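Okay, structure first, notes after.
The values are calculated or read from the model by the stated rules, or taken from the named source; none is laboratory data. As the structure is a prediction and not an experimental result, all values here were calculated from the model. Don't worry about glycine lacking a Cβ; one is built from the backbone with ideal geometry, like all the others, and counts go over all protein chains shown.
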Amino acid sequence: MNKVKLFGLLASVSICAACNNDKSMPEPSFGSVPIKMSASVRSVLARAEVSNFPNASDAGTAQVSVLARKTSAADWTDLYIDNAIANVGSSSSSYSLAWAEGHEQFWPSNGDELTFVAYSPVSVGNGETTLNVALADEVNETVDVIVAHTKDGTNPITGMKSGSGQSPSSINFLFEHVMSQLVVKVNNMASDMTIGYVEVVVGKASCSKIYDIATREWSDGGAPAADKMYTNSKLMGGFGSDGPQEVFDSPILLLPGTESDVTVKLYKARGGSVFASKKIDEFKDSEGVFAKLVAGKRTTVTISISDGSLAGMTAGVQDWEELGEYETEI
């Protein structure tokens with residue numbers, strides 16, 4: 001009787017083994033090899049403290065959201081990793097990334113290569129491949145949206161299971177800024193003129209947009225909010241009386257391509273009449289190229305006043321650094 005039972009058991013094992021070798025059987029979605037990652041941020045590659053990571057909280061915590069598809073897939077409609085959260089940690093170089101509890105991810109057990117993208121902050125995600133980005137009411141409250149499309153500025157972020165590990169050994173996300181920065185300066189050279197109030201007005205149609213992290217394109221964000229008016233006033237001596245002076249303590253974050261809908265206005269005093277008004281796309285450089293608001297770039301606008309009249313305006317576009325200058329006369 002024991003021999004009969006043993007024979008039956010061996011037969012069952014053989015049948016199951018044959019089933020597992022059947023190539024028509026579906027491949028399990030996830031294997032047992034965890035995905036290991038790291039992160040860097042363009043322009044701050046040397047700073048690895050979490051408190052320096054864009055969008056980190058005052059407590060020094062930061063998170064990113066990760067998406068992945070099989071590289072062989074036609075597009076991003078079928079996600080292998082769907083907006084999984086990873087915590088940012090310190091590292092000797094760049095930053096470390098570790099899956100948040102309940103968000104652990106593993107390589108496909110059949111060795112399929114994956115292609116990744118990621119973004120921060122996680123609050124702008126909507127559970128798809130698009131981000132809802134809106135300007136805040138205060139200069140320093142709009143979030144700096146960063147997105148990782150590449151591992152080195154050129155090549156896509158890819159990797160696969162390799163034995164009991166992965167190749168490459170760490171999936172590196174190079175995050176880049178997808179919004180634009182604006183810096184406003186005033187240079188008042190007139191002895192009879194005081195510029196005591198500066199206003200930057202963003203038209204309501206340019207206050208909210210949707211960013212597609214798969215196509216890297218911006219689209220209408222739906223029903224627009226009211227205009228955003230960023231203002232600052234200075235009572236003693238006015239702006240720029242001792243040379244070019246930045247109006248706001250921090251650059252204004254704006255949506256790229258909205259230069260025709262952003263206006264800088266100067267007043268002699270708060271509540272007074274407009275002394276000068278100019279849209280960003282009305283500035284141009286010495287070669288006649290008009291200024292723009294470009295993703296990952298900072299546009300600096302300098303307004304100069306001479307003898308009670310507007311003498312000139314200059315603007316430059318930079319990669320969070322000075323890159324060029326524009327000038328125009330009125």
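Among all residues of segment 118-133, there is at least one that is acidic (Asp, Glu) and closer than 25 Å to residue 210 by Cβ. Inspection of segment 48-65 finds no residue satisfying the criterion of being under 16 Å from residue 160 (Cα atoms) and touching a residue at least 12 places away in the same chain (Cβ under 8 Å).
The strands (runs of 3 or more DSSP E) located wholly in segment 147-215 that include 2 or more residues which are surrounded by fewer than 17 Cβ atoms within 10 Å (Cβ to Cβ) occupy 157-162, 165-167.
Residues that are assigned to a strand (DSSP E or B), touching a residue at least 60 places away in the same chain (Cβ under 8 Å) and touching a Ser or Thr at 6+ places or on another chain (Cβ under 9 Å): does segment 78-98 have at least one? Within segment 78-98, one or more residues are assigned to a strand (DSSP E or B), touching a residue at least 60 places away in the same chain (Cβ under 8 Å) and touching a Ser or Thr at 6+ places or on another chain (Cβ under 9 Å). Summed over segment 111-127, the residues that are in a strand (DSSP E or B) and either surrounded by fewer than 22 Cβ atoms within 10 Å (Cβ to Cβ) or of a type in the set (Gly, Ala, Ser) (or both) give a count of 4. Close Cβ contacts (under 9 Å, 6 or more residues apart or on different chains) running from residues in segment 147-158 that are free of Cβ contacts under 8 Å to residues at least 12 places away in the same chain to residues that are surrounded by 17 or more Cβ atoms within 10 Å (Cβ to Cβ) are absent. Pairing each residue of segment 226-249 that is without any contact (Cβ under 8 Å) to a residue 24 or more places away in the chain with any residue that is in a loop (DSSP other than H, G, I, E, B) and surrounded by 13 or more Cβ atoms within 10 Å (Cβ to Cβ), provided the two are 6+ apart or on different chains, yields C-beta distances under 8 Å for 226/207.
So that you can scan it fast, the table gives a plain yes or no per residue for (1) outside any helix (DSSP H, G or I); (2) in contact with a strand residue (DSSP E or B) (Cβ under 9 Å, 6 or more places away or on another chain); (3) at pLDDT below 80:
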position	(1), (2), (3)
6	no, no, yes
10	no, no, yes
23	yes, no, yes
31	yes, yes, yes
38	yes, yes, no
55	yes, yes, no
68	yes, yes, no
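Here residue 144 meets the list (1) in contact with a His (Cβ under 9 Å, 6 or more places away or on another chain); (2) assigned to a strand (DSSP E or B); (3) closer than 30 Å to residue 246 by Cα almost entirely, failing just condition (2). So residue 222 ticks every box in (1) modelled with pLDDT under 95; (2) crowded, with 21+ Cβ neighbours inside 10 Å; (3) more than 22 Å from residue 199 (Cβ to Cβ) but one. Which box is left unticked? All conditions pass for residue 222, except number (2). Determine whether residue 283 is touching a Lys or Arg at 6+ places or on another chain (Cβ under 6 Å) and either touching a residue at least 40 places away in the same chain (Cβ under 8 Å) or in the same structural domain as residue 202 (by TED's automatic domain parsing) (or both). In short, no. Among the residues of this structure, residue 293 does not count as one that is in a strand (DSSP E or B) and out of contact with any Cys (no Cβ under 6 Å at 6 or more places or on another chain). Taken together, the residues in segment 244-276 that are assigned to a strand (DSSP E or B) and either assigned by TED's automatic domain parsing to the domain that holds residue 139 or within 25 Å of residue 306 (Cβ to Cβ) (or both) amount to 11. Looking only at segment 277-289, decide whether some residue is more than 15 Å from residue 185 (Cα to Cα), outside any loop (DSSP other than H, G, I, E, B) and at pLDDT 85 or above. Yes - at least one qualifying residue is present in segment 277-289.
Would you mind telling me which numbered condition in (1) crowded, with 17+ Cβ neighbours inside 10 Å; (2) of a type outside the set (Phe, Trp, Tyr); (3) outside any loop (DSSP other than H, G, I, E, B) residue 108 fails? If we test residue 108 against (1) crowded, with 17+ Cβ neighbours inside 10 Å; (2) of a type outside the set (Phe, Trp, Tyr); (3) outside any loop (DSSP other than H, G, I, E, B), just (3) comes out false.
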